[in-house]
Amino acid sequence: MFSRTQVAGCALIAQLDVGAISGAYPACYIEKIVSAVPSPQAGIEFQRLVDLMAKLRAPDGCPWDREQTFDSIKRHTLEETYEVMEAIEDRDWPALCEELGDLLLQPVFYSQMASEEGLFAVEDALRSINEKLIRRHPHVFGDVVAETADAVLTNWDAIKKQEKGDRQGGLLDGIAKTLPAVLEAKEISSRAAKAGFDWENVAQVVEKLHEELDELERAANAEEREGEIGDLFFVLVNLARFYKVDPEQALRRTNVKFRKRFAYMETRLAAEGRVVAGTPVAELETYWREAKRNT
């Protein structure tokens with residue numbers, strides 16, 4: 001059996017309550033947790049980050065850090081998340097390393113503020129996620145069989161529902177309303193589909209797409225057009241779900257592709273001492289087709 005010190009070598013399971021887990025799971029499963037942990041240095045560096053944050057928030061620390069609140073830090077969390085995504089899309093691994101560090105700072109910052117108010121400490125947050133991961137993966141840390149990703153998700157949802165109990169509420173209540181609209185639509189439609197409210201096949205989704213396009217063409221005013229365009233987006237998100245495509249990722253890749261092609265077009269025009277504005281559309285189309293071939 002591994003000791004608490006050995007388990008604490010990994011930052012991700014640094015606060016694992018081995019005693020509590022041992023009562024529910026065989027020793028062999030606890031050993032599985034420890035066998036794949038990174039260097040003990042991970043736990044040391046994480047504790048260093050916790051200590052640094054406490055110092056920055058101390059009376060003799062940083063004025064800016066001391067002034068921050070849960071609400072003022074929220075936008076930084078969102079910014080850091082998108083910077084992580086950009087580094088991944090660029091396959092810029094040194095940048096990803098740096099951005100992940102910036103992102104890790106966010107929960108430590110929130111936890112420090114929570115600790116100061118007597119709400120919870122960072123070890124409570126770590127313990128919560130560690131124990132949740134073990135509970136929600138009985139096929140790894142227990143004797144449940146789940147041989148496919150779909151089976152894992154089915155188990156996850158069933159365990160989550162059991163954990164929530166009377167707090168469950170409506171099927172869609174657990175989806176944050178502050179999510180980006182595309183992600184919220186994806187979560188809403190996925191949950192509805194799991195409950196049986198879904199099209200039978202992709203052809204029906206495509207048919208619905210054409211139906212929404214027809215309704216958009218018949219829209220009489222700006223308000224109706226906004227509603228129909230929203231319906232179109234929602235159907236497209238469902239179409240992506242049927243094709244097992246992440247709609248957010250698909251749109252982001254298209255954005256990247258457009259940026260590259262537009263930049264190529266600007267570069268070609270700049271070489272001739274011109275800019276996009278004022279260039280005939282037909283000529284721009286020629287450069288655009290060239291950009292598609294070369295980017």
Consider the range 141-177. How many of its residues are assigned to a helix (DSSP H, G or I) and either closer than 20 Å to GLU187 by Cα or touching a strand residue (DSSP E or B) at 6+ places or on another chain (Cβ under 6 Å) (or both)?
17
Please state which one of GLU89, GLU83 is in contact with an Asp or Glu (Cβ under 7 Å, 6 or more places away or on another chain) and under 24 Å from LEU183 (Cβ atoms).
GLU83
Before we move on, is GLU224 modelled with pLDDT of 95 or more, over 22 Å from ASP157 (Cβ atoms) and in contact with a Leu (Cβ under 6 Å, 6 or more places away or on another chain)?
no
The conditions are (1) outside any helix (DSSP H, G or I); (2) under 24 Å from the mean Cα position of the chain (by Cα), and GLU248 fails exactly one of them. Which is it?
(1)
Mind checking whether some residue in the range 132-147 is surrounded by 14 or more Cβ atoms within 10 Å (Cβ to Cβ), over 30 Å from PHE46 (Cα atoms) and over 20 Å from the mean Cα position of the chain (by Cα)?
yes
Would you confirm, using the coordinates I've provided, whether LYS244 is within 16 Å of VAL182 (Cα to Cα), basic (Lys, Arg) and out of contact with any Asp or Glu (no Cβ under 7 Å at 6 or more places or on another chain)?
yes
When the residues of the range 218-255 are filtered to those that are loosely packed, with under 13 Cβ neighbours inside 10 Å and of a type in the set (Lys, Arg), which remaining residue is farthest from ARG191 (Cα to Cα)?
ARG218
Determine whether ALA114 is of a type outside the set (D, E, K, R), outside any loop (DSSP other than H, G, I, E, B) and either touching a helix residue (DSSP H, G or I) at 6+ places or on another chain (Cβ under 7 Å) or at pLDDT below 95 (or both).
no
Would you confirm, using the coordinates I've provided, whether ARG259 is exposed (fewer than 13 other Cβ atoms within 10 Å of the Cβ) and in a helix (DSSP H, G or I)?
yes
Kindly indicate whether any position in the range 123-131 is closer than 22 Å to LEU49 by Cβ, touching a His at 6+ places or on another chain (Cβ under 9 Å), modelled with pLDDT of 90 or more and surrounded by 12 or more Cβ atoms within 10 Å (Cβ to Cβ).
no
Going by the structure shown, is TRP199 surrounded by 15 or more Cβ atoms within 10 Å (Cβ to Cβ), part of a helix (DSSP H, G or I) and not aliphatic (A, V, I, L, M)?
no
Between a residue in the range 88-110 that is touching a residue at least 40 places away in the same chain (Cβ under 8 Å) and any residue that is loosely packed, with under 15 Cβ neighbours inside 10 Å, which pairs come within a Cβ distance under 7 Å, given they are 6 or more apart or on different chains?
GLU89/VAL256; TYR110/PHE70
Only one of (1) surrounded by 14 or more Cβ atoms within 10 Å (Cβ to Cβ); (2) closer than 29 Å to ALA158 by Cα; (3) in contact with a helix residue (DSSP H, G or I) (Cβ under 7 Å, 6 or more places away or on another chain) does not apply to GLU187, and that is (3)
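The values are calculated or read from the model by the stated rules, or taken from the named source; none is laboratory data. Note that the structure is predicted; figures quoted are calculated from it, not measured. All Cβ positions, glycine included, derive from the backbone under ideal geometry; neighbour counts span all protein chains shown.
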